[in-house]
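Engineer: Can you keep this structure in mind? I'll have questions shortly.
The values are calculated or read from the model by the stated rules, or taken from the named source; none is laboratory data. Since this is a predicted model, take the numbers as computed values, not measurements. Glycine also receives a Cβ, built like all others from the backbone with ideal geometry; neighbour counts cover every protein chain displayed.
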Amino acid sequence: MYAYHELIYDLIRLDVFQKEMSFFSIGSSYLGQNLFCVKSGMGPKNILVVAGHHSLETILSEVIMEYLFRSKNEWFQGVSFYTVPLLNPDGADIVVGRIKHPRFSSDRSRWQANYRGVDLNHNYDAGFFLAKELVKKDGITAPNHTKYGGEEPFSEPETRAIRDLCKKIPFDVAVALHSQGEEIYYEYDGVVPEGTEQYLNTFRKNSHYTITKPTGTASHGGMKDWFIKTYQKPAFTIEAGLGKNPLPHSLFSKLYADCKVILDSVIETVRNEPKNRDI
């Protein structure tokens, strides 16, 4: 599985082979591992893509790094493409066995959370306390391998890093890569920001993924939810692939092809948006 060591190796390779790209740290995980962001392009339109919220879904971290390796610089003309490939390095290292958790070692094969047992995609400030009530029905009221959102929004350094990055850079659109389901989520609590339909039309044209709305515990607390609520701009959750997490590496080529279509569609759409769209 893809984890922190693999990311560092790929970032070094990226620095050698993709000179026009740069990477920098946006913060540190609970255990002090860097949360890296890669920037491609220098255009006025800003795109944010985040993978690796969940430590059983880091095949998408590998997918996004492969996307960067294969990209040509001219494709990013007119946009600045920011990617956080692995938001949860501590959780990923727990899954691969590089870190032993003193409390939850028996749950390693099911581990989705960060080191503190907080599900990062339930830790954003969008219906946070409603989400906590929903997961209580599943018996989750304390740190856990999945779904526990923490004591308060942005209690975790990993989600704070995304919040602070968005304060510094005026992103036009945000995408969270997850697995699995072959679905695209696009709204939050009935709010569909202006400009969203243009993206959905491009997705419908280029991708076979189903465009739908999440239900149940997936309805609140996520990055997409918070971005829409806070900035009133388009944001999407991509649930890539089909199967049971962690998806097998035998699906990598298909996952890459599916995600490439969607990411290319995002770039195409944001590039063609009016420069001063009033939001």
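Engineer: Filter the range 101-160 down to the residues that are outside any loop (DSSP other than H, G, I, E, B) and farther than 22 Å from P214 by Cα and list them by number.
Structural biologist: S105, S106, D107, R108, S109, P157, E158, R160
Engineer: Name the residue that is surrounded by the fewest Cβ atoms within 10 Å (Cβ to Cβ), counting only residues in the range 49-77 that are of a type in the set (A, V, I, L, M, F, W, C) and closer than 28 Å to N144 by Cα.
Structural biologist: So, considering only residues that are of a type in the set (A, V, I, L, M, F, W, C) and closer than 28 Å to N144 by Cα, the one surrounded by the fewest Cβ atoms within 10 Å (Cβ to Cβ) is L56.
Engineer: Pick from the range 220-244 the residues that are aliphatic (A, V, I, L, M) and touching a strand residue (DSSP E or B) at 6+ places or on another chain (Cβ under 7 Å): which of them is surrounded by the fewest Cβ atoms within 10 Å (Cβ to Cβ)?
Structural biologist: That would be I228.
Engineer: Looking at the range 199-219, which of the residues that are at pLDDT below 95 and crowded, with 20+ Cβ neighbours inside 10 Å is nearest to C166 (Cα to Cα)?
Structural biologist: Ranking the candidates gives A218 first.
Engineer: Return yes or no: is V261 surrounded by 15 or more Cβ atoms within 10 Å (Cβ to Cβ), at negative phi and in contact with a strand residue (DSSP E or B) (Cβ under 7 Å, 6 or more places away or on another chain)?
Structural biologist: no
Engineer: Still on this model: Taking the range 189-215 on its own, how many of its residues are part of a loop (DSSP other than H, G, I, E, B) and of a type outside the set (D, E)? Give the steps one after another, and end with the answer.
Structural biologist: Step one: of the range 189-215, the residues part of a loop (DSSP other than H, G, I, E, B) are 189-190, 192-195, 207-209, 213-215.
The next check asks that each one be of a type outside the set (D, E); those that pass are 190, 192-193, 195, 207-209, 213-215.
Of the residues in that region, 10 qualify.
Engineer: On to the next question. Quick test for you: out of K254, K224, K260, K233, pick the one residue that is closer than 24 Å to S40 by Cβ, modelled with pLDDT of 95 or more and not in a helix (DSSP H, G or I).
Structural biologist: After applying the criteria, what remains is K233.
Engineer: Please verify whether the range 176-190 includes one or more residues that are surrounded by fewer than 16 Cβ atoms within 10 Å (Cβ to Cβ) and out of contact with any Gly (no Cβ under 8 Å at 6 or more places or on another chain).
Structural biologist: Yes; the residues of the range 176-190 include at least one that is surrounded by fewer than 16 Cβ atoms within 10 Å (Cβ to Cβ) and out of contact with any Gly (no Cβ under 8 Å at 6 or more places or on another chain).
Engineer: What residue, of K137, K167, is surrounded by fewer than 21 Cβ atoms within 10 Å (Cβ to Cβ), without any contact (Cβ under 8 Å) to a residue 12 or more places away in the chain and either hydroxyl-bearing (S, T, Y) or under 30 Å from D264 (Cα atoms) (or both)?
Structural biologist: After ruling out the rest, the residue left standing is K167.
Engineer: Among (1) closer than 19 Å to G27 by Cβ; (2) free of Cβ contacts under 8 Å to residues at least 12 places away in the same chain, which single condition is D90 missing?
Structural biologist: For D90, the exception is condition (2).
Engineer: Of the conditions (1) modelled with pLDDT of 95 or more; (2) over 15 Å from the mean Cα position of the chain (by Cα); (3) surrounded by 21 or more Cβ atoms within 10 Å (Cβ to Cβ), T196 clears all except one; give me its number.
Structural biologist: Result: T196 fails condition (3) only.
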